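Some notes on the structure that comes next.
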Amino acid sequence: MRTYTVSSDIKRAIFSKGFLLGIVGMVLMIVIASLESISSLLKSNQALSNGYHAALVIKALSSQDVTLILPILCTLPFTAAFVDDIKCGFIKPYLQRSGVNKYIQGKLVACGLSGGLVLFLGIVVSYGLSVLIFTPMELALGSGLTAPPYFAQVLMIAATLFVSGVFWSLMGCTLAALTMSKYMAYASPFIMYYVLIILHERYFNNLYVFYPKEWLFPSDSWFLGSLGVILLLAELTAIVCLAFIITAKRRLANV
């Protein structure tokens, strides 16, 4: 049982309704953010430039609508699982077979992985749809020209958002464990996300490292670019994981 605790939690998260809803929500938000560009294109009746399919998705990802919904979508699969387990009473017989450490490990891995994959897969699916719809209408490259690595560019953004999704989902899980409220699991990442945006835009303009929008599309201020963002989020995620482990052990000690 201890061996399969982590894998069973991952399956529970990946095959949940929240996971599917998160992916669908991500795709829909990218579509909605692209409607204005598509509408303008239809009205102009002009031929599409080569690479339009990638530019459309990248532009949508940087829109206000998409950036604000990200910390909500990544919480849908598994952030409330710890609180649900304790409140339903399922935790008592489960802990006897899995052990506390394996149980906590399963929750952390499943929550972080599912939260990141919701955003990553949502972007990949959106890009695939864009390729199918718009690539046949794009102009061909001129003789001797090589197409830029459009898919690689989108994948780099998707990888950055994956790490961001891991962080925000684990943040929601930790705050839910602290308050024992499943509503905090869904609301707290968005609240903190929005507070950090306000603090940067109104008071601390130079503190770009804690500006969530910079985590999505790093500016030239980052020494390592997207890699710098990933390393920062990895450090913050480690801190959040430690906070969850301490909180969860205290909660489980009273079960």
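Applying 0.36 nm per residue to the separation of residue 239 and residue 64 and subtracting their alpha-carbon distance, the gain on full extension is 60.2 nm. Counting beta carbons within 10 Å around each of 215, 168, 222 and listing the fewest first gives the order 222, 215, 168. The value given for segment 11-70 is a Kirkwood hydrodynamic radius of 13.0 Å, derived from the mean inverse Cα-Cα separation. If you wrap the chain in the convex hull of its Cα atoms and look at it from every side, the mean projected area works out to 16.1 nm².
What would the Debye formula give as log10 I(q)/I(0) at q = 0.15 Å⁻¹ for the alpha-carbon point model of segment 14-136, no solvent? Calculated log10 I(q)/I(0) at the listed q: -0.73.
Distance from the alpha carbon centroid of segment 32-81 to that of segment 158-201 works out to 22 angstrom. Among 241, 88, the order by Cβ neighbours within 10 angstrom, fewest to most, reads 88, 241.
Tell me the mean residue ellipticity at 222 nm calculated for the chain from its helices only (DSSP H runs of n ≥ 4, each -39500 (n - 2.57), averaged over every residue, nearest 500).
Numbers: 11 runs with 193 residues, N = 255.
Calculated mean residue ellipticity at 222 nm is -25500 deg cm²/dmol.
In sequence order, segment 37-48 has phi-based couplings of 5, 5, 4, 5, 5, 5, 5, 6, 6, 9, 6, 7 Hz under the Karplus curve 6.51 cos²θ - 1.76 cosθ + 1.60, θ = phi - 60°, and Gly or Pro positions carry x. Placing unit charges on the Cβ atoms only, positive for Lys and Arg and negative for Asp and Glu, gives the chain a dipole magnitude near 1200 debye about its Cα centre.
So for segment 5-253, taking the charge dipole from beta-carbon charges (+1 Lys/Arg, -1 Asp/Glu), which of 191, 32, 206 sits furthest toward the positive end? Going by the charge dipole, the pick is 191.
Before anything else, pin down the relative contact order of segment 5-253: Cα pairs under 8 Å, at least 6 apart, normalised by residue count, whole percent.
Normalised by residue count, the contact order of segment 5-253 is 26 percent.
Taking Cβ atoms as reference points and 12 Å as the exclusive limit, the residues near residue 56 contribute a net charge of -1, counting Lys and Arg as +1 and Asp and Glu as -1. Maximal additional length on extending the residue 194-residue 208 stretch stands at 3.6 nm, based on 0.36 nm per residue less the C-alpha distance.
Bear in mind that the values in this text are calculations on the coordinates, not laboratory data. What you see is a predicted model, and the numbers here were worked out from it, not measured in a lab. So basically every Cβ, Gly included, is an ideal-geometry build from the backbone, and we count neighbours across all protein chains shown.
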